[in-house]
Amino acid sequence: MAAYLVVEAEITDWEKFSAYARSVPSLVTRFGGEYLVLGGKAEALEGDWGGERLVVHRWPDMETARQFWNSAEYAEIRKLREGAGRFRVMLLEGHNAEALETGNPDQA
């Protein structure tokens with residue numbers, strides 16, 4: 001089942017962050033992920049959203065996303081963004097047709 005890695009980023013040092021931003025896309029691709037959202041214009045329709053940038057990757061499954069996230073290669077690249085902002089990252093499991101049909105989100 002597809003998985004989604006969602007990043008909320010408040011960048012405070014764009015110059016420092018740019019090295020990270022140039023380095024990570026090819027690694028995401030190499031590990032089997034793809035970008036669905038990469039910053040861009042956002043419009044809050046409800047709730048209290050700040051000015052953070054959002055990034056969303058799609059992965060074949062949660063295990064593949066975890067392999068990327070925990071890899072030595074990504075650990076090295078992640079160092080490039082240290083001190084460049086504040087980041088929150090969440091891994092989500094994707095669409096589950098049975099859960100939609102039954103109305104039970106815990107349906108396997």
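Just a few scattered comments:
- Relative contact order for the range 1-79: 49 percent, from Cα pairs under 8 Å spaced at least 6 residues apart, divided by residue count.
- With the helix formula -39500 (n - 2.57) applied to DSSP H stretches of n ≥ 4, the chain reaches a computed 222 nm mean residue ellipticity of -10000 deg cm²/dmol.
- Between 0 and 90°, nearest 10: helix 14-30 axis offset from the chain longest Cα axis: 50
- Check: the range 1-56 dipole with +1 on Lys, Arg Cβ and -1 on Asp, Glu Cβ, in debye: 400
- The slack between residue 37 and residue 67, meaning 0.36 nm per residue of separation minus the straight C-alpha distance, is 8.7 nm.
- The chain, dipole about Cα centre (Lys/Arg Cβ +1, Asp/Glu Cβ -1), debye to the nearest 20: 600
- Take the Cα of residue 16, step 7 Å toward its Cβ, do the same at residue 89, and the gap between the two points is 1.7 nm.
- Packing around the peptides 47-57, 61-71, taken as the average count of other Cβ atoms within 10 Å per residue, puts them in this order, highest first: 61-71, 47-57.
- Quarter the surface of the alpha carbon convex hull of the chain and you get the mean projected area, 8.0 square nanometres.
Every number in this text was worked out from the coordinates using simple rules, so none of it is lab data. Since the structure is predicted, the reported quantities are computational estimates derived from the model, not experimental observations. Quick reminder, even Gly has a Cβ in these numbers, built from the backbone with ideal geometry, and neighbours come from all protein chains shown.
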